[in-house]
Amino acid sequence: MSLLIWRGRKAKYNKYVLEALSDGEKAAWDIAKYIVKHDPAHVRRNWYHQAQKVNSNLVRRGGVLDDLVEGYFIRREEGKYSLTILGFMYVLYHINYAGWKPAKDKLFLSYWPIFTGMMAEILEENFAQYSPIERLAAVGLAEVFRVYPEKPPLWVQKLWEEMSSSVMQRLIEYLTLGKNPDELSQNEINRWVLEGVFEALKNCFRIPPTEESKQLISIMCNSFQKLAEEDKLMVTQTFKTIVHDAIYHRIGRRENLKKSFIEKVKQTQPHQIVCYTKCPHCNYNGFSIQDGFKILSSNFTLQCEKCQKQINIYSKTTENMFT
Ligand SMILES: [Zn+2]
């Protein structure tokens, strides 16, 4: 990413400022001290004078900090500076692709409490503009922010790599198209985050499931119940496509299976999803039509077509849901 802030005289300072802020907010003076400590160009012996010099470069009108604030990379509040989400993404990008030093996990943990409140607010303000799937992710995310305002639970920490990689992809696409990062709105970044949540959710149906995928599915099922009826239908249909695609893919060249699967699909109503069920109660083994609303509000519990008993998709015998 060869953007203006990475070129020219200020590039080095820009990098150090973002790096300095990667473990949370700092006053200008603390940023200056960080730079003197880490930039080999500064003679340590005279560190106080060096830091004063750096500090005046940072804080003067039109200086490094002003530039970064104007470019929305950092935010100034009550004399303290912190990364914006855009700045956060830049640091993350440079950790991944340019060998920057800050630890990714530390970055995430430091900024969680700074971002949660703000993101929850923006999610709420823009809720009406979101698609049903984005709404599902927004309700779930807002709930996680509400319950864990200070520190994300372990399962979120484990999932965040997956969520952030899709957001990162979006940012790279955006910048590769030559678009101006100054025009990138917080709302747009939030939508990428929502997409990241949904991507992580789709990946949760791996077998065997991980503890964090069970947690995410459970949060999303709770969110599903809070959606308006017409959103529920749209979300269900999206899941229907995902499930049906996955099953079709797994069937491969087994023509008989394919035929019986397609027969079942033809019989479904819009809210119904064809799943593969292997019933541990009566040994029924085959495709069955499930009520999508029920699946999505019950942590993906299926119902046996034959004996009507509940089958958890994660029950021991399962290759349920998918074949
Ligand atoms: Zn059964």
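Here, each number is a calculation from the coordinates, and none is a lab measurement. Predicted, not measured: the structure shown is a model, and the values here were computed from it. When we count neighbours, we look across all protein chains shown, and the Cβ atoms used for this are built from the backbone with ideal geometry, even at glycine.
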* To do: Calculate the spin-label point distance for K53 paired with R253, positioning each point 7 Å from the Cα along the beta-carbon direction, and give it in nanometres.
  => 7.3 nm
* Structure fact -> Note to self: C-alpha centroids of region 165-208 and region 31-85 sit apart, in Å, by 30 Å
* Structure fact -> Sequence order, region 89-102: Karplus ³J(HN,Hα) from phi using 6.51 cos²θ - 1.76 cosθ + 1.60, θ = phi - 60°, Hz rounded, Gly and Pro as x, gives 5, 5, 5, 4, 4, 6, 5, 5, 10, 10, x, 5, 6, x
* Looking at the chain, which Cys residues are left with no other cysteine's beta carbon under 4.7 Å from theirs? -> C204, C221, C275
* Filter the GluC sites (Glu not before Pro) in region 63-129 to those in DSSP coil with at most 11 other Cβ atoms within 10 Å of their Cβ, and list the result. => E78
* Only residues of region 63-80 count here: report those whose backbone N is under 15 Å from the spot 7 Å along Cα→Cβ of A27, or say none. => 77-80
* Structure fact -> For region 45-111, averaging the sequence separation of alpha carbon pairs under 8 Å that lie six or more residues apart and dividing by its residue count, the contact order in percent is 13 percent
* Structure fact -> Relative contact order of region 10-71 (C-alpha contacts under 8 Å, at least 6 apart) in percent is 29 percent
* **Förster radius 25 Å - calculated FRET efficiency between C282 and A246 (Cβ-Cβ, nearest 0.05)** => 0.50
* Structure fact -> E77 and E188 label points (each 7 Å along its Cα→Cβ direction) are spaced in nm at 2.3 nm
* **Rounded FRET efficiency, nearest 0.05, which uses the C-beta distance separating A11 from I262 and R0 of 56 Å** => 0.45
* Given +1 on the Cβ of Lys and Arg, -1 on the Cβ of Asp and Glu, and no further charges, what dipole in debye does the chain carry about its Cα centre, rounded to the nearest 20? -> 1040 debye
* Please sort 142-148, 91-97, 273-279 by packing, taking for each peptide the average over its residues of neighbouring beta carbons within 10 angstrom, highest first. => 273-279, 91-97, 142-148
* Asked: Along the charge dipole of the chain, Cβ charges K/R +1 and D/E -1, which of C282, Q169, P208 sits furthest on the positive end?
  -> P208
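Do the sum for the chain: with -39,500 (n - 2.57) for every DSSP H run of n ≥ 4, divided by all residues, what is the mean residue ellipticity at 222 nm, to the nearest 500 deg cm²/dmol?
-19500 deg cm²/dmol
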* To do: Counting other Cβ atoms within 10 Å, keep those with at most 11, restrict to DSSP loop, and tell me which trypsin sites (Lys or Arg not before Pro) in region 51-99 are left.
  => R60, R61
* Would you please give the residues with an amide H less than 5 Å from that of L302, counting only those at least 5 places away or on a separate chain, with H modeled from the backbone geometry? => I311, N312, I313
* **Straight-distance crosslink candidates among lysines, where the alpha carbon sits under 30 Å from K104 and sequence neighbours closer than 8 are dropped** => K10, K12, K15, K26, K33, K37, K80, K151, K158, K179, K202, K214
* Structure fact -> Ranked by GNM mean-square fluctuation in the chain (Cα springs under 10 Å), the top entry among A41, A103, A27 is A41
* To do: Return the distance in nm (one decimal) between the two label points of a simple spin-label model at N222 and N96, each offset 7 Å from Cα along Cα→Cβ.
  => 2.9 nm
* Asked: If you take the charge dipole of region 100-192 about its Cα centre, with +1 on Lys and Arg Cβ and -1 on Asp and Glu Cβ, which of S185, V147, L109 is farthest toward its positive end?
  -> L109
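What full-extension length gain, to one decimal in nm, is calculated for L233 and K106 as 0.36 nm per residue of separation minus the Cα-Cα distance?
41.8 nm
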